[in-house]
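The values are calculated or read from the model by the stated rules, or taken from the named source; none is laboratory data. Keep in mind it's a predicted model, so treat the numbers as computed, not measured. Reconstructed Cβ throughout: ideal geometry from the backbone, glycine too, with neighbour counts over all protein chains shown.
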Amino acid sequence: MATVAEIVLDEITKRFPDGTVAVDKFSLDVADHEFIILVGPSGCGKTTTLNMIAGLEDISDGELRIDGKRVNEVAPRDRDIAMVFQSYALYPHMTVRENIGFPLKLAKVDKAQANQQIEEAAAILDLTPYLDRKPGALSGGQRQRVAMGRAIVRSPKAFLMDEPLSNLDAKLRVQMRTSISRIQKRLGTTTVYVTHDQTEAMTLGDRIVIMRAGLIQQVGSPQELYEDPVNLFVAGFIGSPSMNFVPGTIADNAIDTVLGRIPLTDRIRTTLDAHEAPREVIVGIRPEAFEDAALVDGSRGAGVTFTAPVDILESMGSVKYAYFSLENAHVDSEHLAELERDSGTEEIGQAQIVTELDARSQVREGQNLEVWFDPDSIDVFEPSSGANLT
Ligand code: ATP
């Protein structure tokens, strides 16, 4: 149905008149059909990047190409791109049909043709029964779908979406997330989607671009970013609850940490040697890597255990989160400080460890628990650069 487009950002930079460099040599190839997510903390340059693709901001340096053609100087309306914003501003006095059809009216598409396109868009968005209603008589999710309808009705080359779900409540956000994913797959329209929400990024994107202070930190599939984060920032950003970080000292084929002495597995030793790892490092362990030792049978191989009182226990139904306060576990790192500030996850790098336990765990708050983890599941980071050495 829709045409598709390849979007290439070639060392794109945005320098505002006051000298702020909001986006710094940003390079990315967005393939035909691809769903790309730009994610990162507030102020990292996501919206500015999207606005440059849309033509709403000038590009200071670098080249933007759509389907191989330079479009830096092309006016927004001639780029054949549709944008969906956070505030979806529908016209209250117009019906759903008129709202969805508005871009066609501007483009002077004839009425019969327009009606056909409106009805197709409405069918895709499950809005057919509401075509004659006005926005005031719609739910928040329906209104958001009308805004999407306005974007898809012209069959543009690409969609740009800037936090389109952030005005919806949590439940509706999840519903709309799956609708957006379904619609994008069905239409196959190249999409660049901005969010600061890592769950949205993980669930929607074919590939995710993680940004920090105008710079790309890492580009990869959700699985790649989760399994192989290049640095502390990405490791702390992706995954919920966040990865735990503790200071470690490499000595005698092991790393000493507040969680005990973690023996170096062959894999980890080899990569640490290859990177000439310093003695003092930061060890990262995902909450999912831990288990109540009482539930771990011998088949899972040798593990490391530590025992500590459970500070807080959260039962989520399918899993339990046990939090531990540990002394001397604080990690001092500018890379993590920024995440704490911006993502509202205050505990990153703090002296608190969060573990995800099987729901069968019998532990109670305040009790001592022996916790198990696999020494091969850790990541090891270089403290000053934040680089992942494993
Ligand atoms: P958020 O998630 O909060 O919307 P963002 O990642 O989309 O943030 P941008 O809006 O792209 O970030 O802003 C990137 C940086 O550029 C910020 O530091 C911001 O203060 C700065 N900035 C944005 N607009 C201007 C402007 N007109 N003049 C100067 N600086 C600006």
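For first residues located in the range 260-273 and assigned by TED's automatic domain parsing to the domain that holds Val246, partners that are surrounded by 16 or more Cβ atoms within 10 Å (Cβ to Cβ) and among the polar types (S, T, N, Q) and lie 6+ apart or on another chain with Cβ distances below 9 Å form the pairs Arg267/Thr390; Ile268/Thr390; Thr271/Thr390; Leu272/Thr390. Criterion applied to Ile81, Ile53 was being assigned by TED's automatic domain parsing to the domain that holds Ile183 and within 16 Å of the ligand (Cβ to nearest atom), and the one residue passing it is Ile53. Picking from residues in the range 22-42 that are within 8 Å of the ligand (Cβ to nearest atom) and over 15 Å from the mean Cα position of the chain (by Cα), the one that is surrounded by the fewest Cβ atoms within 10 Å (Cβ to Cβ) is Ala22. Checked against (1) more than 17 Å from the chain's Cα centre (by Cα); (2) over 17 Å from Asp29 (Cα atoms); (3) in contact (Cβ under 8 Å) with a residue 60 or more places away in the chain; (4) not in a loop (DSSP other than H, G, I, E, B), Asn167 passes all but a single condition, namely (4). Just for the range 1-21: of the residues that are within 15 Å of the ligand (Cβ to nearest atom) and of a type in the set (S, T, N, Q), which one is farthest from Leu160 (Cα to Cα)? Among them, the one singled out is Thr20.
Among all positions in the range 75-84, there is at least one residue which is basic (Lys, Arg), more than 19 Å from Leu28 (Cβ to Cβ) and out of contact with any Ser or Thr (no Cβ under 9 Å at 6 or more places or on another chain). Going by the conditions given, is Val8 of a type in the set (A, V, I, L, M), in contact (Cβ under 8 Å) with a residue 24 or more places away in the chain and surrounded by fewer than 21 Cβ atoms within 10 Å (Cβ to Cβ)? Against the criterion (of a type in the set (A, V, I, L, M), in contact (Cβ under 8 Å) with a residue 24 or more places away in the chain and surrounded by fewer than 21 Cβ atoms within 10 Å (Cβ to Cβ)), Val8 qualifies. Filtered by the rule that a residue be modelled with pLDDT under 90 and more than 14 Å from the ligand (Cβ to nearest atom), the range 158-172 gives Leu168, Asp169, Ala170, Lys171, Leu172. Would you be able to say whether some residue in the range 103-111 is over 29 Å from the mean Cα position of the chain (by Cα), part of a helix (DSSP H, G or I) and crowded, with 16+ Cβ neighbours inside 10 Å? The answer is yes; a qualifying residue exists. The condition (being within 21 Å of Leu339 (Cβ to Cβ), within 16 Å of the ligand (Cβ to nearest atom) and touching a helix residue (DSSP H, G or I) at 6+ places or on another chain (Cβ under 9 Å)) is satisfied by just one residue among Val281, Val209, Val192: Val209. Hey, any hits in the range 26-36 for a residue that's over 30 Å from Ala137 (Cα atoms) and in contact with a helix residue (DSSP H, G or I) (Cβ under 7 Å, 6 or more places away or on another chain)? Yes; the residues of the range 26-36 include at least one that is over 30 Å from Ala137 (Cα atoms) and in contact with a helix residue (DSSP H, G or I) (Cβ under 7 Å, 6 or more places away or on another chain).
Residues of the range 278-288 that are touching an Asp or Glu at 6+ places or on another chain (Cβ under 7 Å) and either assigned to a loop (DSSP other than H, G, I, E, B) or surrounded by fewer than 20 Cβ atoms within 10 Å (Cβ to Cβ) (or both): Pro278, Glu288.
Just one of (1) in a loop (DSSP other than H, G, I, E, B); (2) surrounded by fewer than 14 Cβ atoms within 10 Å (Cβ to Cβ); (3) free of Cβ contacts under 8 Å to residues at least 24 places away in the same chain fails for Arg77. It is (1).
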